[in-house]
Amino acid sequence: MTGCRRCPRLVAWREQVAGERRAAYRDQTYWGRAVPGFGPADARVLVVGLAPAAHGANRTGRMFTGDRSGDVLFAALHRAGFASQAASVSADDGMQLDDLRITAPVHCAPPDNRPLPSERDHCRPYLVEELRVLGPRLQVIVTLGAFGWTTTATTLQSLGWQVPRPRPVFGHGAVTELRSPTGSPVHLVGSYHVSQQNTFTGRLTPAMLDEVFTQVRALLR
């Protein structure tokens, strides 16, 4: 999937950013391609974000690595025992995830962090494949933001999962139980996105994020 070029707008943007680069990273070679999911393929927990950041994962080639959002997320994962380190700065920094995988509905950095519906739809097969690979071990899905919540629920429903009706509403700390096609319960957990806008304004604090992953631990069978 790293060679995907289905979305001309995203391809043009990710490559433009990789060519121009931010001054602080002028001496680095940007990844500048679609960013794959990160973490073990047999994880029981899946974290679904939004899309790679232009100077974060688009630079490092690893989800949530190398930007302020990743700083907050990986620190929380480390405190919860899901990550081997509190910081993730590059794809070769030794970071390992335990029982948790990170992905996004859109795998290329979008302008203004706003993917189009058509770009989300083009990327959906990759989310479908990750859900298939995780298979029956999957127990908890954490969505960072409403975009991830809605896209995940829609994708799962299209795959034959039982999603409550009316559709569960996103909210920080929201939890709803889904059923896989085999009848296994899987919990969908909502969290505000770890964006700079949310963390700098205090809408999402480290304590709030810790509560989410404490809840995830409690939901694991």
- Note on the structure: For Leu178, the lone unmet condition from (1) on the phi > 0 side of the Ramachandran plot; (2) without any contact (Cβ under 8 Å) to a residue 60 or more places away in the chain is (1)
- Matching residues, region 104-128, being free of Cβ contacts under 8 Å to residues at least 60 places away in the same chain, surrounded by fewer than 17 Cβ atoms within 10 Å (Cβ to Cβ), in a helix (DSSP H, G or I) and not aliphatic (A, V, I, L, M): Asp112, Pro117, Asp121, Arg124, Pro125
- Quick one: would you say Gly81 is more than 15 Å from the chain's Cα centre (by Cα) and either on the phi < 0 side of the Ramachandran plot or in a loop (DSSP other than H, G, I, E, B) (or both)? yes
- Message: Here is a check on your reading of the model: is Val142 assigned to a strand (DSSP E or B), under 13 Å from the mean Cα position of the chain (by Cα) and at pLDDT 95 or above?
- Response: yes
- Query: For region 153-171, does any single residue satisfy the condition of being under 23 Å from Arg217 (Cα atoms) and either part of a helix (DSSP H, G or I) or touching a Cys at 6+ places or on another chain (Cβ under 7 Å) (or both)?
  - Reply: yes
- Just name the residue that is most open to solvent (accessible area, probe 1.4 Å) out of those in region 30-60 that are basic (Lys, Arg) and assigned to a loop (DSSP other than H, G, I, E, B). Arg33
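Kindly indicate which of Met95, Met63 is in a loop (DSSP other than H, G, I, E, B), within 14 Å of the chain's Cα centre (by Cα) and crowded, with 16+ Cβ neighbours inside 10 Å. Let's see the steps before the verdict.
Numbers: Met95 fails: within 14 Å of the chain's Cα centre (by Cα).
Answer to the check: Met63.
The values are calculated or read from the model by the stated rules, or taken from the named source; none is laboratory data. Everything quoted here is computed from the prediction, not taken from an experiment. All Cβ positions, glycine included, derive from the backbone under ideal geometry; neighbour counts span all protein chains shown. The area values use the complete protein model at the heavy-atom level, side chains included, leaving out ligands, DNA and RNA. Shrake-Rupley method; radii C 1.70, N 1.55, O 1.52, S 1.80 Å.
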